[in-house]
1. So which residues in segment 141-183 are surrounded by 17 or more Cβ atoms within 10 Å (Cβ to Cβ), outside any strand (DSSP E or B) and free of Cβ contacts under 8 Å to residues at least 40 places away in the same chain, if there are any at all?
2. Taking residue 79 as meeting all but one of (1) of a type outside the set (Asp, Glu); (2) more than 21 Å from the chain's Cα centre (by Cα); (3) over 18 Å from residue 184 (Cβ atoms), write down the number of the exception.
3. Among the numbered criteria (1) aliphatic (A, V, I, L, M); (2) touching a residue at least 60 places away in the same chain (Cβ under 8 Å); (3) more than 20 Å from residue 188 (Cβ to Cβ), which single criterion is violated by residue 117?
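Taken together, the values in this text are just the output of simple stated rules run on the coordinates, not laboratory data. All of these numbers come straight from a predicted model, not from anything done at the bench. Every residue, glycine among them, receives a Cβ derived from its backbone with ideal geometry; neighbour counts consider all protein chains shown.
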Amino acid sequence: MGLRGCLFNRVFGRVSRAWRAGLLVLGAGGMLASGPAMAGETTVRTEASILEALSIVKGQDMDFGVIAPSTTGGTVVMTGGASDSCVANGGLVHTGACQPGEFSGFGLPNRIVRIKLPPASKISLNGPGTAMVLDKMTLYPTSGLLKVGNGLGFVQYRVTSSTGIYEFDLGGTLNVNPNQLSGHYSATFQVQVIYN
């Protein structure tokens, strides 16, 4: 070991443990400081909807997420409002998104707005396999609307917000065929609004 090693051990041995730990941390900090600087970057999307008087805009598309089919077929029932949910039936497995369609409108306080969904509240989603039917489409007022009646294919609501701005969700029942072929299925539809 030699004289130099013994001397180092004696001197270093007399230094307190806390001091030694401090020297080690200082040495490690010096090694980290000498490395390259780390930086990151990300992109953030920001949106806003400006409503014209007596108008309606879509906030979010309807999204049933991912569904694993079954040999017997089944349904996925989507509700909106305060507790959005998708409930799979008939041996189907559902995961991922469960997003009802979201809409915002700008009417006049205390006036009637008539909202019309697709005929028979029913549409077909097309994809690589047999079309799937979305039916029993249901409107869920989330703010500023109170249902007051039905008439000629329209559902009538009173605008209850003092600003005239209202919001609603749209859900329904997706009918998945037996052994539904995998792939992406989609459809577009219109929501019609008439202000009185």
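1. Listed by number, the list holds a single entry, 144.
2. In the conditions (1) of a type outside the set (Asp, Glu); (2) more than 21 Å from the chain's Cα centre (by Cα); (3) over 18 Å from residue 184 (Cβ atoms), residue 79 misses (2) alone.
3. Exception for residue 117: condition (3).
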